[in-house]
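*Asks:* Okay, here's the structure, questions in a sec.
Every number in this text was worked out from the coordinates using simple rules, so none of it is lab data. Treat the numbers as computed from the prediction; the structure is a model and nothing was measured. Heads up, the Cβs are rebuilt from the backbone with ideal geometry, glycines too, and the neighbour counts pull from every protein chain shown.
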Amino acid sequence: MRILIAEDDPVSSLVLARALEKLGHDVTPTADGESAWAAFANSEFPLVISDWMMPELDGLGLCRRIRSAPTDSYPFFVVLTAKSQRNDHLAALEAGADDFLAKPLDAADLQARLRTVERILGWQAQLQEVNKSLLESSREIAEKAAEISRMRDEANYMASHDPLTDLLNRRAWMACAEGAAPSALAIYDIDFFKSVNDRYGHPGGDEVLRAVAQRIDSYAGDSANVGRIGGEEFGVLWHTELHRAQQLAHDIVTGVEASPIRLADGTDVDVSVSGGFAPWLAPVDDAGLGMDRNYEVADRALYHAKATGRRRLEVHRSA
Ligand SMILES: [Mg+2]
């Protein structure tokens, strides 16, 4: 154990240092309180044995200073003194001392005290270990919590999005109209999608779906909620002014067919969509019917677009 000695009497200091060295300790002797303090501040000593009466900074002054210094572990402080009055002991304890050694030094007494010190320092080390593992555990718990929260976010995302196109799924898209009423909605359907699947297989069909989804999403503008609401069917809700929404709805039809979609194998596929557009109609009786009713109106417009040549947007005109 590294032990710091503060003792102004050279003989007494030597006797103590020898005795401690004989017991296998690593001793740093200092001749007064100030130099003991300097040594303590520079290095770590689990045990300080200090004379009480010293010039300048005495033993209790040194003890108070050590106690008020921030340290990682608690240094054990033993006061070396000829004083044996009860009041003196109380004053030393008050200053932060842990134990006393009577002068003149008794070897058996010293050894017994050191055993106590070592036992207490052993407990302290164990406590530090426990503290460390508690800290580690709480860090692990925090990491687990963060992971769970990440997984929950991912699950929420998966529950509301279409895995193929990354657009909102039907349920999540429908729910977008629940808050503030949109200004308009449109439903789009890829023309002759069955023949795309027949010609290019399902992987090719999936590529087309992804590309069309991307085009619809980019032409729909920032204020739109875009969802994949069926196999090759997409829905758009707008929250912008009606005339702007209608313009964007047209842009989608022309934007999708503006250039062929290139598949991974290099094949170019010409694709178009038909769309049904409807200004959002405020619910007449039951507010809950808003989405269903508006969906139906847009769907009917889509049907007309399909029946009248496809590759076009049918706009529902309210009477
Ligand atoms: Mg002295």
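*Asks:* Can you give the helix-only mean residue ellipticity at 222 nm for the chain, where every DSSP H stretch with n ≥ 4 adds -39500 (n - 2.57) and the sum goes over all residues, rounded to the nearest 500 deg cm²/dmol?
*Replies:* For the chain, the value works out to -17500 deg cm²/dmol.
*Asks:* May I pose another question? Tell me, what HN-Hα J-couplings in whole Hz come from the Karplus equation 6.51 cos²θ - 1.76 cosθ + 1.60 at θ = phi - 60° for each residue of region 137-153, using x for Gly and Pro?
*Replies:* In residue order, the calculated couplings are 4, 5, 5, 4, 4, 4, 5, 4, 4, 5, 5, 4, 5, 4, 5, 5, 4 Hz.
*Asks:* Using a 7 Å offset from the Cα along the Cα-to-Cβ direction at both residue 166 and residue 181, what is the distance between the two label points in nm, to one decimal?
*Replies:* The answer from the label model is 3.4 nm.
*Asks:* To continue, here is another question. Which order do peptides 161-167, 58-64 fall in by mean Cβ count within 10 Å, highest first?
*Replies:* In descending order of packing, they fall as 58-64, 161-167.
*Asks:* Apply 1/(1 + (r/R0)^6) to the Cβ-Cβ distance of residue 128 and residue 149, taking R0 = 35 Å, and write down the FRET efficiency to the nearest 0.05.
*Replies:* My answer for the efficiency is 0.65.
*Asks:* Length gain on complete extension for the stretch residue 142 to residue 44, per 0.36 nm per residue less the alpha carbon to alpha carbon distance?
*Replies:* Using 0.36 nm per residue and subtracting the Cα-Cα distance, I get 32.0 nm.
*Asks:* List the aspartates and glutamates whose Cα sits under 15 Å from the Cα of residue 103, skipping any in the same chain fewer than 8 residues away.
*Replies:* 7, 8, 9, 51, 88
*Asks:* Here's another thing I want to ask about it. Could you give me the ³J(HN,Hα) list for region 96-113, computed from phi with Karplus coefficients 6.51, -1.76, 1.60 and θ = phi - 60°, whole Hz, x at Gly and Pro?
*Replies:* Listing the rounded values in order: x, 6, 9, 7, 10, 10, 7, 9, x, 5, 10, 4, 5, 4, 4, 4, 5, 5 Hz.
*Asks:* Would you please name the GluC sites (Glu not before Pro) within region 101-200 that are DSSP coil residues with at most 12 other C-beta atoms within 10 Å of their C-beta?
*Replies:* When the GluC sites (Glu not before Pro) of region 101-200 are filtered for loop state and at most 12 Cβ neighbours within 10 Å, 178 remain.
*Asks:* While we're here: Once you place label points 7 Å from the Cα toward the Cβ at residue 56 and residue 72, how far apart are they in nm?
*Replies:* 2.9 nm
*Asks:* Sketch the reach of a paramagnetic label on residue 112 as a point 7 Å from Cα along Cα-to-Cβ, and name the residues of region 4-29 whose backbone nitrogen lies under 16 Å away.
*Replies:* Residues passing the 16 Å test: none.
*Asks:* Rounded to the nearest 5, what % of the DSSP beta bridges within the chain are antiparallel ones?
*Replies:* DSSP beta bridges in the chain are roughly 50 percent antiparallel.
*Asks:* Test of understanding: extend the Cα→C-beta vector of residue 272 to 7 Å, then name every residue of region 242-264 with backbone N under 15 Å from that spot.
*Replies:* 250-261, by backbone N distance to the label point.
*Asks:* Using the Kirkwood formula on the Cα atoms of the chain, what hydrodynamic radius do you get, in angstrom to one decimal?
*Replies:* Averaging 1/r across every pair of different Cα atoms and inverting gives 26.8 Å.
*Asks:* Additional query: Could you tell me which GluC sites (Glu not before Pro) in region 212-319 are loop residues by DSSP with no more than 15 other beta carbons within 10 angstrom of their beta carbon?
*Replies:* Within region 212-319, the qualifying GluC sites (Glu not before Pro) (loop, at most 15 other Cβ atoms within 10 Å) are 241.
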